[in-house]
Amino acid sequence: VDVDLGQVEEGSYVSRRHAKIELEDDQYFIEDMGSSNGTYVLRDDFERIDRVALEDGTQIAFGNARFVFKL
């Protein structure tokens, strides 16, 4: 599924090919695809990532756009 954030204010810092979420061996992963503004997940604070496993409820940020990963 492609998500286009071009029509929302928060989308101005999100690249067209910013990040991807993949399912591997029953585990979801998020991977930054070389974006300028980075992909972040919330741990104690938002941390910039290259690739990490996702769990239900993980908070994700692409530039200024924030999301919650839900299974």
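Read-outs throughout are calculated quantities, based only on the coordinates presented, and are distinct from any laboratory measurement. Bear in mind the structure is a predicted one, so any value in this text is a computation, not a measurement. Here the Cβ positions follow ideal geometry from the backbone for every residue, glycine too, while neighbour counts run over all protein chains shown.
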Quickly rank 38-44, 51-57, 22-28 as a protection proxy: mean count of other C-beta atoms within 10 Å, highest first.
-> 38-44, 51-57, 22-28
Given a Förster distance of 25 angstrom, what is the FRET efficiency for Arg48 paired with Asp26, based on the Cβ-Cβ distance and rounded to 0.05?
-> 0.45
In sequence order, what are the phi-derived ³J(HN,Hα) couplings for region 54-71 according to the Karplus relation 6.51 cos²θ - 1.76 cosθ + 1.60 with θ = phi - 60°, rounded to whole Hz, with x for glycine and proline?
-> 10, 10, 4, x, 4, 8, 10, 10, 10, x, 8, 8, 10, 9, 10, 7, 10, 8
Amide H proximity to Ala19 below 5 Å, modelled H, separation 5+ or other chain, gives Met33
Which whole-Hz couplings ³J(HN,Hα) result when phi for each residue of region 19-35 is put into the Karplus expression 6.51 cos²θ - 1.76 cosθ + 1.60, θ = phi - 60°, listed in order with x for Gly and Pro?
-> 7, 9, 10, 10, 9, 10, 6, 6, 10, 8, 10, 10, 9, 6, 10, x, 5
